[in-house]
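Chemist: Pasting in a structure now, in C-alpha cells, and then I'll have a few things to ask.
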Amino acid sequence: MLANLEKSSLGLKDTDTFAQQHKLINRKAHVFRFIWILGNYGEFEKDKITNLVVDAKMYLANRGNEKTLAIWSFVNKVVIKILSEFGVCCERVVSKGVKIEDLTTGTGYLRKKGWVMRISFEEKIGSMDALKALQTYIRKLDKRYGSRAFIRFRKVDMRIFLDI
C-alpha cells in the first residue's frame, strides 16, 4: 500500500517516515471534510442534476478544523488533484460578472462570495447515482448524529444502514 501511495499524485515520498505518514493523515482529513461539505450542504443543480453545488459562504462556514480548505491553492493543487485520481470531478465556478482575481484575498484565502464549488462523479464510479447515494449517506449521518456525524463519516461508519 505504501508503495502505491508513493506513486500516486498525493505528493508523498518515503511514506515510511513519520513526517510523510503525518502528511498523509492530514491530507486525508482535508479530503474527507471537503467531501462532507459538498455532500451535506450541496444541492443538485436544476439544469445539471449530475452535479452537487455548494455556495462560497456555506463552504467556508463548514470547514471545521480544516482551515486550509479556505486557501484556494491548497484546495486546487492538493484536494481536487487527489479526488480527480479517483473519478471525482471538482471545480470552483465563478459567478457571472465576477473577476477571478476577486475570488481570493491577497494572501490566497477564498472570499465568501462570487463562486460556488461543484462536484460530480465520473461514470466509472457510478456518476449521479453514486453522488446521490453519498449525499443520502452523509445527510442520514448528520440527521442521526448531529455534531458527531462527521467523526462517523471520517471512519466510513456504515452501521446507519443496518438500522431498519
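All of the numbers you see were taken from the coordinates with simple rules; none came from a lab. This one's a predicted model, so the numbers in the text were calculated from it and none came from an experiment. Virtual Cβ from ideal backbone geometry, glycine too; neighbours counted across all protein chains shown.
Chemist: If you rank Met158, Met128, Met117 by fewest surrounding Cβ atoms within 10 Å, what's the result?
Modeler: The most exposed by this proxy come first: Met158, Met128, Met117.
Chemist: Another question about this same structure. Set the Förster distance to 30 Å, then compute FRET efficiency between Lys57 and Glu101 from the Cβ-Cβ distance, nearest 0.05.
Modeler: The calculated FRET efficiency here is 0.95.
Chemist: Roughly how far apart, in whole Å, are the Cα centres of segment 66-127 and segment 30-56?
Modeler: Answer, in whole Å: 11.
Chemist: Still on this structure, I have one more. To the nearest 20 debye, what is the magnitude of the charge dipole of segment 16-145 about its Cα centre, counting +1 on the Cβ of each Lys and Arg and -1 on the Cβ of each Asp and Glu?
Modeler: 420
Chemist: Mean-square fluctuation check for the chain, GNM, Cα pairs under 10 Å: which of Phe44, Phe18, Phe153 is largest?
Modeler: Greatest mean-square fluctuation among the candidates belongs to Phe18.
Chemist: If the reach is capped at under 27 angstrom between alpha carbons, list the lysines near Lys124, excluding any in the same chain fewer than eight residues apart.
Modeler: Straight-distance partners of Lys124: Lys7, Lys28, Lys46, Lys48, Lys77, Lys81, Lys132, Lys140, Lys155.
Chemist: Still on this model: For Ile25 and Tyr109, FRET efficiency with R0 = 30 Å and r from the beta-carbon atoms, rounded to 0.05?
Modeler: 0.80
Chemist: Using 7 Å Cα-to-Cβ label points, what is the Phe44/Ser73 separation (nm, one decimal)?
Modeler: 3.8
Chemist: Now for a separate question. Just want the ordering: Lys112, Lys57, from fewest to most Cβ atoms lying within 10 Å of their own Cβ.
Modeler: Ordered from fewest to most neighbouring Cβ atoms within 10 Å, Lys112, Lys57 come out as Lys57, Lys112.
Chemist: Straight-line reach only, C-alpha to C-alpha below 19 angstrom: list the aspartates and glutamates that Lys23 could link to, leaving out same-chain residues fewer than 8 apart.
Modeler: Those aspartates and glutamates meeting the cut-off are Glu6, Asp14, Glu66, Glu85.
Chemist: Taking the beta-carbon count within 10 Å as an exposure proxy, list Tyr59, Tyr41 from fewest neighbours to most.
Modeler: Tyr41, Tyr59
Chemist: Also: Using only the C-alpha atoms of segment 23-105, find the volume of their convex hull and express it per residue in Å³.
Modeler: Output value, Cα hull per residue: 105 Å³.
Chemist: So what is the relative contact order of the chain, in percent, for Cα pairs below 8 Å that sit 6 or more residues apart?
Modeler: After rounding, I find 22 percent.
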